[in-house]
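Worksheet: one structure, shown below.
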């Protein structure tokens with residue numbers, strides 16, 4: 001009798017839980033704040049030649065399988081597993097459509113999304129914690145009203161997603177457009193990307209560096225009679241924007257639809273070095289001119305420091321440093337992982353006030369503003385991809401290794417110029433002692449080292 005009663009209780013419990021799952025509340029956690037602009041923006045500092053069309057605020061949304069559209073605020077996170085379609089209209093004047101280059105910039109959409117502009121497919125992105133940038137072709141844009149539609153799914157599986165399907169002891173797998181999203185408006189000739197590399201003299205009194213960048217163009221024949229463009233670099237201290245130096249202009253011939261790799265060498269004497277105690281930052285301005293007129297101004301905010309590892313110790317600017325830090329997740333009872341700028345800064349201030357000098361962004365790349373805050377407040381960053389608790393037989397497949405390489409490449413591409421980033425992480429809590437698992441480790445370490453010289457963990 002007791003045994004039958006116990007079985008009945010278990011069945012009732014399972015039935016109640018099944019009903020609870022079936023009637024899962026479709027909950028949205030709203031942020032909706034506008035994207036930050038200016039020098040401290042998460043990505044792409046605003047200048048005289050480039051600006052953002054902010055897409056935050058009111059959108060329409062529809063949950064897969066339902067007919068009704070409803071209003072949501074973006075950024076926001078949805079706290080259930082499933083597919084949601086988001087839609088927003090925005091207006092563009094004729095001068096932008098004809099004379100500018102437009103990019104869609106998304107800081108974070110979890111996990112997979114498909115993007116359409118005016119019904120035309122634009123891009124597909126996989127990976128919920130890395131940012132992506134995609135150029136919007138002129139041919140699919142309208143003068144006046146445009147419709148942006150993003151189909152989002154946060155569904156994970158047990159074999160081919162990074163991370164693998166959500167486990168009860170893992171972090172919460174929110175879905176949605178949970179970070180900033182906007183249209184970046186740039187000129188028809190623009191700096192597409194830039195990397196800062198440098199080295200010091202033995203006593204750190206001289207810094208010799210180089211900015212490696214891509215100078216790209218759209219269809220420019222109707223806009224420029226002379227296709228020779230000058231590029232120079234200006235350097236300022238960020239505090240007070242004190243002018244330091246500038247380089248002589250280098251001239252490049254740019255035709256329609258081109259992308260040229262350019263290198264601009266520079267030297268700084270007696271540089272202020274970045275450290276957690278003195279987080280000195282510099283503004284590097286790349287100026288593109290045509291017949292004396294500024295065509296594009298691209299800004300990098302960065303700092304300079306020297307990291308060496310030897311005999312089990314870390315040396316910063318020639319001095320041994322001991323890491324004291326914590327691990328941080330992006331989650332909040334009100335916003336989910338769609339944190340406001342105020343909450344992010346509050347976190348970093350709290351970590352710094354504890355006496356920490358480092359933060360591990362476990363287990364995934366954070367909002368880009370977090371990296372800016374760590375640069376400014378002085379915190380080392382350990383940043384990693386969410387290859388977490390993956391069985392060896394999955395970890396070592398060519399498909400999974402390829403996915404991991406794509407993930408880590410996007411992370412490094414976005415955050416490579418941050419002085420706070422101490423090391424890149426390629427995963428966590430898998431059996432790295434296993435001989436097969438070492439295949440993954442060796443391949444990922446080799447890949448990371450091919451694109452950046454920081455330590456790998």
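Compactness ratio for region 322-393: Cα radius of gyration over 2.2 N^0.38 Å (N = residue count) comes to 1.16.
In this rough spin-label picture, where each label sits 7 Å from Cα along the Cβ direction, the residue 397-residue 91 distance is 5.0 nm.
Take every Cα pair under 8 Å whose residues are at least 6 apart in sequence, average their separation, divide by the length of the chain, and the relative contact order is 13 percent.
Summed over all non-identical Cα pairs, the Kirkwood treatment of region 151-294 gives a radius of 19.1 Å. Cβ crowding within 10 Å, taken as a proxy for footprinting-reagent exposure, orders 367, 125 from fewest neighbours to most as 125, 367.
Sorted fewest first by neighbouring Cβ atoms within 10 angstrom, 36, 184 come out as 36, 184.
Could you compute the FRET efficiency for residue 139 and residue 406, with r as their C-beta to C-beta distance and R0 at 25 Å, rounded to 0.05?
0.35
Give me the number: length gained by fully extending residue 157 to residue 453, i.e. 0.36 nm times residue separation minus the C-alpha to C-alpha distance, one decimal in nm.
Length gained between residue 157 and residue 453: 103.3 nm.
When 375, 331 are arranged by Cβ crowding within 10 Å, least crowded first, meaning fewest neighbours, the order is 331, 375. For the pair residue 334 and residue 206, the difference between a 0.36 nm per residue extended length and the Cα-Cα distance amounts to 41.2 nm.
Placing pseudo-labels 7 Å out from each Cα toward the beta carbon at residue 214 and residue 342 gives an inter-label distance of 3.9 nm. For the listed peptides 187-196, 151-160, a ranking on the average number of other beta carbons within 10 Å per residue, highest first, reads 187-196, 151-160.
Scattering from the C-alpha atoms of region 236-372 alone, worked out with Debye: what is log10 I(q)/I(0) at q = 0.09, 0.10, 0.14, 0.21 1/Å? Debye curve over Cα of region 236-372, log10 I(q)/I(0) at q = 0.09, 0.10, 0.14, 0.21 Å⁻¹: -0.45, -0.54, -0.93, -1.30.
Report the semi-axes of the equivalent ellipsoid for region 316-457 in whole Å, largest first, where each axis is √(5λ) for an eigenvalue λ of the Cα gyration tensor.
Sorted largest first and rounded, they come to 27, 18, 14 Å.
Helical content of the chain, expressed as a calculated mean residue ellipticity at 222 nm, amounts to -6000 deg cm²/dmol (DSSP H runs of 4 or more residues, -39,500 (n - 2.57) each, divided by residue number, nearest 500). For the chain, the Kirkwood estimate of hydrodynamic radius, built from reciprocal distances between every pair of different alpha carbons, is 24.0 Å.
In this simple spin-label approximation, residue 237 and residue 253 carry label points 7 Å from Cα along the Cα→Cβ vector, and these lie 4.3 nm apart.
The numbers here are math on the coordinates, done by the rules we state, and not lab data. Keep in mind that this is a model prediction, so the values were computed, not measured. Note that each Cβ is placed from the backbone with ideal geometry, even for glycine, and that neighbours are counted across all protein chains shown.
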